[in-house]
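Heads up, the thing below is written out as structure tokens.
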Amino acid sequence: MSTTDIHDASRNRSARRIKERVVTEKDARNATEAARDTGESRPSFARGIYLGSYNLDLLGSLPPADPDEEARARLFLEALTDYCRTMDGLAIERTGVIPDENLRGLADLGVFGIKIPQQYGGLGLSLLHYGRALMVLGSVHPSLGALVSAHQSIGVPEPVKVFGNDAQKEEYLPRCAAGAVTAFLLTEPDVGSDPARLRTTAIPSDDGSEYVIDGVKLWTTNGVIAELVVVMAAVPPHGDSKGGISAFVVEMDSPGISVENRNNFMGLRGIENGVTRFTNVRVPAANRLGREGQGLKIALTTLNTGRLSIPAMCAASGKWSLKIARGWSGAREQWGRPIGRHEAVAKKLAYIAATSFALEAVFELSAELADAGTKDIRIEAALAKLWASEMAYNVADELVQVRGGRGFETADSLAARGERAVPAEQQLRDLRINRVFEGSTEIMHLFIAREAVDAHLSAAGDLAVADAPVGAKARAALKASGFYGKWLPTLAAGKGNMPRSYAEFGVLARHLRYAERASRRLARSTFLGMARWQAGLEQHQVFLGRIVDIGAEIFAISASCVRAVNIRREDPAEGAGAFELADAFSRESRVRIESLFNGLWHNADDADRKLSKGVLDGRYTWQEEGVLDASEGTGPWISETALASGPKENLHRRYR
């Protein structure tokens, strides 16, 4: 047997051990915990919400905007807007493809390098201006926003900028800024938000000069046209290294890479999303980002700010929904007057207008906090993504309802019979994925809840560990009593109980006082949940989800009131309208908060948990009878794509 054969056999054994390993719930939790950035060195407004420490001063300590950047951003956004007016979003929807000439036009404008520093050929603009660019792009067609976001929010530029060495920055960032489309490859057919089960392997060579990557990646947004990708792969222990999930920059024209499928979805018809297979792909060791085993940390850190692309595009959809709802509700008449004058529709108009204002406020505040770099914005970014994706979808659904039958009709069909081509139904389809993208709503609830109860878990120690010894739990109880003995009294009263608090916010002060009181009430509720369930708290995911949602609404109220004051400072005339919108939103949000508080302790969670077990056990299969299932026999629930039956056509292409 040759040296090459011996090495190949060793590599195959290492890869097989990774693919066949059994990952327990504890293993998955430990992997995620090890990759967490606790952010303890920087303050966080949102973390304070969950601890009953509502510190609005943290939102007023942001540095002023850079005049030079503001001027450059204004010129860029004007040029981008002019170019976007030449693009045909309905054509993208019709064909399912963004024309190559549009991609080249965007590259010429610098769209692929908005956040990349100027020294590497990028525009060097802030997250705030980047988000505003996404708002313009997404209003042409959402797949344009997805393209740029997948490239610049989570693709090669961000992890290289944050974790890359000087040589990697010099190598890749100029190419990305010039228009080399990139992608981020983490998800696999059987691996989503549980990266500990990753099956793609990166086996190091004996001399350490390269890695050989094998595996399959699913839902690789931009992967069909990407020139460069960041691949997450598991490195086995070797030598003195423990290995672990690691990140690699890979050239998509490397031998052994194939795009096997261009996936199609209910929305985002122009998205270049595929299934990418790696077969004995050799990658230089110099292409590894960070250390071995640092890949999951790189992924999570990249997603922290990368998630802010979603609230930006959600804010854009809210603004468009308001425009369409206003125009249509004034033009359409029922029973002798415009439908917007009837209370049933007027209520929806008010909801759309107020929520649109709050969506933009949440995005702008989160982006400004991230740009400042002085705050820990992990929870803010996650809340912005979670809340915006849910609320924007609700707004779009209300718009379809206001439009009636026309809301269900496609833009092309409307135009064909001589009416305004309003793609309301398309917007509803396109927005739906945001509740799944970059962490589903359910996963975001768990992620934020973990951060929100961190202080409780630290205080509780072994009380929060199910299999901890009795003695350890007793010691933990003593420690916890000291923490709670000091903390709980601080939740009794605060600025929210003082009638003159937040007076600088005028009529909005009442909502901020409510937010402060709700923050302390939320902290007390979290403590009660911790005391009641202790180690079992993590299993009460619906309870934790309500806790998270209350904090999200408090954050949205705060952002809306701050934005209203800022607008009034810049333009008193517009400020009056901003105050009206912020006031209306805060009133609506407070109703939702009270409902969520009530749901913490008055709900059907226990009954639903029991019922769901019966469903999984097959107790109610008789309820499924009497219908046909066209999906039967078409394939397994999860494809065995790692076991390819033979070579497939490579669908990868380059636009330049």
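Label separation (Asn280 vs Asp605): 5.3 nm, computed from points 7 Å beyond Cα along the C-beta direction. In terms of the mean number of neighbouring beta-carbon atoms within 10 Å, the peptides 100-106, 178-184 order highest first as 178-184, 100-106. Using a/c under 1.5 as the rounded threshold, could you call the stretch 232-294 rounded, prolate or oblate? The axes a ≥ b ≥ c are square roots of the C-alpha gyration tensor eigenvalues, and prolate needs a/b larger than b/c, oblate otherwise. Cα axes put the stretch 232-294 in the prolate bin. The Rg/Rh ratio for the stretch 79-197 is 1.00, where Rg is the radius of gyration of the alpha carbons and Rh is the Kirkwood radius. So what does log10 I(q)/I(0) come out to for the stretch 192-306 at q = 0.15, 0.16, 0.23 Å⁻¹, using the Debye formula with one equal point on every Cα and no solvent? Per q value, in the given order, log10 I(q)/I(0) is -0.66, -0.75, -1.40.
Can you list which of the chymotrypsin sites (Phe, Trp or Tyr not before Pro) found in the stretch 321-386 are DSSP loop residues with at most 14 other C-beta atoms within 10 Å? All intermediate terms of the calculation are to be shown ahead of the outcome.
Working: sites: Trp328, Trp335, Tyr351, Phe357, Phe363; in loops: Trp335.
Sites meeting the loop and neighbour criteria: Trp335.
Estimated from helices alone, the mean residue ellipticity of the chain at 222 nm is -18000 deg cm²/dmol (sum of -39500 (n - 2.57) over DSSP H runs with n ≥ 4, per residue). Run through the stretch 327-380 and list the trypsin sites (Lys or Arg not before Pro) located in a DSSP loop whose Cβ has at most 16 other Cβ atoms within 10 Å. Answer in residue order: Arg332.
Whenever you get a sec, compute what percent of the accessible area on the stretch 492-593 sits on carbon and sulfur atoms (1.4 Å probe). Walk me through the numbers before you get to the answer.
Working: 2360 of 4390 Å².
Ligands and nucleic acids excluded, carbon and sulfur give 54 percent.
Between amide H atoms placed 1.01 Å from N, distances below 5 Å from Ser254 occur with no residue 5 or more places distant or on a separate chain. Converting phi to 3J(HN,Hα) with the Karplus coefficients 6.51, -1.76 and 1.60 and the offset θ = phi - 60°, the stretch 390-395 yields 6, 6, 5, 5, 4, 4 Hz in sequence order, with x at every glycine or proline.
In order along the stretch 254-267, the Karplus-derived 3J(HN,Hα) couplings, from 6.51 cos²θ - 1.76 cosθ + 1.60 at θ = phi - 60°, round to 5, x, x, 9, 9, 8, 8, 7, 9, 6, 10, 10, 5, x Hz, and Gly and Pro are given as x.
Please say if the stretch 556-656 is rounded, prolate or oblate, where rounded means a/c under 1.5 for a ≥ b ≥ c the square roots of the C-alpha gyration tensor eigenvalues, and otherwise the choice is prolate for a/b larger than b/c and oblate otherwise? Oblate is the answer for the stretch 556-656, as a/c is 1.5 or above yet b/c matches or exceeds a/b.
Using the Karplus relation 6.51 cos²θ - 1.76 cosθ + 1.60 with θ = phi - 60°, the per-residue 3J(HN,Hα) values for the stretch 206-213 come to 4, 8, x, 7, 7, 10, 10, 9 Hz, with x marking Gly and Pro. The C-alpha radius of gyration of the chain, expressed as a fraction of 2.2 N^0.38 Å, stands at 1.00. With R₀ fixed at 51 Å, the C-beta to C-beta distance from Asn264 to Glu78 puts the FRET efficiency at about 0.90.
Using a probe of 1.4 angstrom and keeping all protein chains present, the accessible surface of the chain works out to 46 square angstrom per residue.
Tell me the volume per residue, in Å³, of the convex hull enclosing the alpha carbons of the stretch 273-429.
Numbers: hull volume 24.7 nm³, N = 157.
Looking at the stretch 273-429, the number lands at 157 Å³ per residue.
Can you give me the relative contact order of the stretch 228-304 as a percent, contacts being Cα pairs under 8 Å and 6 or more apart? It would help to have the intermediate numbers written out before the result.
Values: 121 pairs, mean separation 28.0, N = 77.
Computed over the stretch 228-304, the figure is 36 percent.
Count the net charge of all other residues whose Cβ sits under 12 Å from the Cβ of Phe112, scoring Lys and Arg as +1 and Asp and Glu as -1. Cβ neighbours under 12 Å give a net charge of +2.
Spatial offset of the stretch 404-418 relative to the stretch 321-384 amounts to 24 Å, using the alpha carbon center of each. How large is log10 of I(q)/I(0) for the stretch 356-399 at q = 0.18, 0.20 Å⁻¹ when the intensity is taken from the Debye formula with one equal scatterer per alpha-carbon? Log10 I(q)/I(0), no solvent term: -0.52, -0.61. Over what distance in Å are the Cα centres of the stretch 40-92 and the stretch 554-585 separated? About 16 Å separates the Cα centre of the stretch 40-92 from the one of the stretch 554-585. Sort the stretch 357-444 into rounded, prolate or oblate with this rule: let a ≥ b ≥ c be the square roots of the eigenvalues of the Cα gyration tensor; rounded if a/c is under 1.5, and if a/c is not under 1.5, prolate when a/b is larger than b/c, oblate otherwise. Prolate is the answer for the stretch 357-444, as a/c is 1.5 or above and a/b outweighs b/c. Residues whose amide H lies under 5 Å from that of Glu188, counting only those 5 or more places away or on a different chain, are Leu218; hydrogens are built 1.01 Å from N in the peptide plane.
Suppose we take every Cα in the stretch 472-578 and form the convex hull; what volume per residue is that in Å³? Can you show the working numbers first?
Numbers: hull volume 12.0 nm³, N = 107.
So the per-residue Cα hull volume is 112 Å³.
The values are calculated or read from the model by the stated rules, or taken from the named source; none is laboratory data. These numbers were taken from a predicted model, which means no experiment stands behind them. In this analysis, Cβ positions are derived from the backbone assuming ideal geometry, glycine residues included, and neighbour counts consider all displayed protein chains. With ligands, DNA and RNA removed, areas are computed over all heavy atoms of the protein, side chains included. Shrake-Rupley method; radii C 1.70, N 1.55, O 1.52, S 1.80 Å.
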